[in-house]
Each structure stands twice: as structure tokens, then as C-alpha cells.
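Trainee: Before I ask anything, here is the structure I am working with.
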Amino acid sequence: MSLSNCQCRCNCTTLAVIASVIIGVAVALLTLTSGIAVSTPLLWAFFGIAVAFLAVLLGVFNRLRGENTYDCVCSTLVFVIAGILGTILFSLILITVDIAAASILGAIITGLLFLFFALIITTTACLVKCLARCR
């Protein structure tokens, strides 16, 4: 795992991954018990947000290339990209394949979708903190 800032002992990325897993498990349980229902427009929104995040990251890091950045940026960036790719994958699976929402498989895939989406948000916060060189 990476440190949120190379001069800091706080491990932001580890906390982000733990929070994302908790969110994913909670959503999977709520989906299985029909506590929440995920609609197709929400799936398209997740897909669009993930693609937009990928485009923004490309622009930001293309601009930062060559500057002196911390090594922890790269290791945190791995989790951001994993979250983006996971969100794209699982949103496309739920959009294209007709999986019953109340089934165990549907609940697991929905939980994984929310896990990866939460991973995007939480690790992006760690990445911004690291790029801002905050302690």
C-alpha cells in the first residue's frame, strides 16, 4: 500500500480500500435483501463518471509528466485506475446482461460495482492530497 504523502505516516490508500470494501459489502447485502434497487440510468451514470475520470486523469498526468512528484502518487494511482476499470467492467456487465437483482450473483456484482466506484472516489481524495503535498 502507499502513503498519502511520502513524508507522512498516515496511510490514506489503505483506509480508502477498507472503506470501499465496507461500502461494497453493505450494498451487496442491501441488494440481496431488496433494500435498494439499482436502475439502468444509475448504471449508465457510473459508466460515464468512470470514463470521464479516466479522461481527466490522462489530461492531468500528461501535464504533470516530468515534474517532480512523489513516488506515492504512482502507487495510489494504481488503485484509482483499478477503481475506474472495475466500475466500467461491472457497470457494463449489469447493463448488458439481464441478471436478477435479488439473486446472489446480481447482489455480488452490484456490490463489486459500488466497491470499485467508492474506490475511485476515496483514492482520488488520497491522490489529490498527495499531489497537494499535504501532510
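Bear in mind these aren't lab numbers, they're just calculated from the coordinates by the rules spelled out. Computed from a prediction, not measured in an experiment: that's the story for all the values here. Because the Cβ atoms are built from the backbone with ideal geometry, glycine has one as well, and the counts that use them run over all protein chains shown.
Trainee: What nm distance separates the two modelled labels at residue 95 and residue 61, each placed 7 Å from Cα along Cα→Cβ?
Mentor: The answer from the label model is 2.3 nm.
Trainee: Another question, if that's okay. Fully extended, how many nm does the chain gain between residue 75 and residue 105 (0.36 nm per residue separation, minus their Cα-Cα distance)?
Mentor: Extra length available between residue 75 and residue 105 comes to 7.7 nm.
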